[in-house]
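Report on one structure; see the data block that follows.
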Amino acid sequence: MQLIFETSRPGRRGVRLDPLDVPEATLPAEFCREDAPNLPEVGELDVVRHFTRLSARNFGVDSHFYPLGSCTMKYNPKLADAISALPGLAGLHPHLSSSPVYHGCIQGALEIVYETEHLLAEIAGMREVSLQPIAGAHGELTGALLIAAYHRAKGNKKDTIIIPDSAHGTNPASATIAGFKVVQAPSGADGTIRLDAFKNVMNDSVAGVMLTCPNTHGLFEPDVHKIADLAHEADALLYYDGANLNAIIGQSRPGDLGFDVMHFNLHKTFATPHGMGGPGSGPVGVGERLAPFLPGPRVTRTEVGFGLEMPPQSIGKIAAFFGNFLVAARAYAYLLCQGDEGLKNVARYAVLNANYILARLKDAYDPAYDTTCMHECVFTATRQAKAGVRAIDIAKALLDRGFHAPTIYFPLTVKESIMIEPTETESKQTLDAFCDAMRAIAQAAQDDPESLHAAPQTTPVGRLDEVRAARELDCGCL
Ligand SMILES: *Cc1c(COP(=O)(O)O)cnc(C)c1O
């Protein structure tokens, strides 16, 4: 494919300016560059074709099944995009919220914030929710700062957060940035936290425990109530990583399980497409004990309409205005469209689809755990690796068969791991086609392992040195 610079022809233009109808002015010389910028000179059609072609050279949810585990790459209804693009929402100036004088103009927007926070709180069994954090990791950081504020207010000297070894990498990073020491709780051979090992690391210096449930092995933690009791006995708070809430939505609530604080990923579960760096939203939910510390200002409902208020012991602002407001607007539209039964079906289908894949593949690949799963299933390719075909070869071979690769080599606790999250939005036909491809690759790993080492062969580029591509970014001729 040609670079857009190669399609450039001197003098070709994509826009035509109207004739000048004001006196011509010259910029002072010191503001002018000496050489013309190196920009492609192309017509509008050239630009449209260039970027449309470019977009089709990659995998995306709108074009391909995208079974990345721990990521929820699902289809998001375009209706939510249409709602968030309404001029009355997209065109609002955020400073309208800065002075009560203007609050009359933004009652609708404040109501969206208020209602979305309340719906999320109800879904999760939390007392209050703040939409301010703008990513999952940012929600984790906010939660860890809330835990720190709680202990500071009580005069508790606690400096440690316990995190299981299966946790998403952002968990220890967020806790560390909030100033805590991180101690690992190991999981056992069944993929869930070992209660005896947890007791060994639980003591009076523990300020909080961060859990993901279902965890990143796709398994529900059976001892979650006992862990909550042990933590609370020591006045440690329990944090719930709710990035992948589609596993449990409408079925169980973190608040009922004993969690004090959590985050949601609106850009995984609630209708904002996820990936490519944003915009995201990682609202934080809290129970009774942490509500006074929430970031502010909070939207409150009064007799005369919606207003703003700072919680008494607020940790302050952690993002500008209300965070990514239009992501919240998408989530609000999605929640109302799904309704009660629709949201319950989200979890039902997410779990059913993952178990369908587990059942269809478990003789071809070894499951990491011998049990049913929640919204994602984890296999280990150690059997294939003995024949010289590693998880990465399987992932690359899938690209040639028209599927994005699942997550590989994560969770770190499973050797040669292949983690598949089909999500609730895929049909049985798509899941079957994917399983057929996976089974064909397992067969090829037995019959002709060498053939898989050359994959992918149908993509614009073959195997990249991914570390080098990340460390030495080269965007061509700019
Ligand atoms: C995606 C994810 C996160 C982090 O969310 P970001 O928005 O990418 O910061 C945290 N925990 C889990 C389990 C996740 O899947």
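Each reported figure results from applying straightforward, stated rules to the coordinates on display, with no laboratory input. What you are looking at is a predicted structure, and each value in this text was computed from that prediction instead of being measured. Here the Cβ positions follow ideal geometry from the backbone for every residue, glycine too, while neighbour counts run over all protein chains shown.
Overview of results
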{"read-out": "Using a Förster distance of 45 Å, the FRET efficiency for residue 54-residue 223 (Cβ separation, nearest 0.05)", "value": "0.40"}
{"read-out": "Residue order, fewest to most beta carbons within 10 Å, for 130, 8", "value": "8, 130"}
{"read-out": "In nm, spacing of pseudo-spin labels at residue 310 and residue 432 (7 Å Cα→C-beta vector)", "value": "6.1 nm"}
{"read-out": "Part-to-part distance (alpha-carbon centres) for the range 330-392 and the range 68-91, which is given in Å", "value": "23 Å"}
{"read-out": "Highest average packing first - 29-36, 93-100, 421-428, Cβ atoms within 10 Å", "value": "421-428, 93-100, 29-36"}
{"read-out": "Charged-residue dipole, Cβ positions (Lys, Arg, Asp, Glu), the chain about Cα centre, Debye nearest 20", "value": "220 debye"}
{"read-out": "Residues of the range 37-71 with amide N under 16 Å of the 7 Å Cα→Cβ point at residue 461", "value": "54-59"}
{"read-out": "Fewest-first sequence of 375, 225, 168, 404 by Cβ atoms within 10 Å of each Cβ", "value": "225, 404, 168, 375"}
{"read-out": "q = 0.20, 0.23, 0.24 Å⁻¹: log10 I(q)/I(0) that the Debye formula gives for the range 196-315, counting C-alpha atoms only", "value": "-1.19, -1.31, -1.35"}
{"read-out": "Theoretical gain in end-to-end length, residue 39 to residue 301 [0.36 nm per residue, Cα-Cα removed]", "value": "89.1 nm"}
{"read-out": "R0 of 51 Å, Cβ-Cβ distance residue 114-residue 469: FRET efficiency to nearest 0.05", "value": "0.70"}
{"read-out": "Cα centre as origin, Lys/Arg/Asp/Glu Cβ charges: the range 237-308 dipole, Debye", "value": "140 debye"}
{"read-out": "Distance from the range 262-288 to the range 193-249 (C-alpha centre basis), Å", "value": "20 Å"}
{"read-out": "Cross-link pairs 78/317; 154/268; 199/268; 362/396; 199/317; 199/362 - those with Cα-Cα distance over 26 Å", "value": "78/317; 154/268; 199/268; 199/317; 199/362"}
{"read-out": "Dimensionless Rg/Rh of the chain - Kirkwood Rh, Rg from C-alpha atoms", "value": "1.02"}
{"read-out": "Axial C-alpha extent at least 30 Å, average Kyte-Doolittle at least -1.0 - helices from the chain (DSSP)", "value": "325-361"}
{"read-out": "Low-density loop positions, GluC sites (Glu not before Pro), the range 434-478 - DSSP coil, at most 11 other Cβ in 10 Å", "value": "472"}
{"read-out": "Distance between modelled label sites at residue 340 and residue 8, nm, 7 Å Cα→Cβ extension", "value": "6.1 nm"}
{"read-out": "Chain lengthening between residue 105 and residue 157 when straightened (0.36 nm per residue, less Cα-Cα)", "value": "14.1 nm"}
{"read-out": "Span per principal axis, largest first, for the Cα atoms of the range 1-118 (Å)", "value": "56, 48, 26"}
{"read-out": "Expected 222 nm ellipticity per residue - DSSP helices of 4 or more, -39500 (n - 2.57), all of the chain, to 500", "value": "-11000 deg cm²/dmol"}
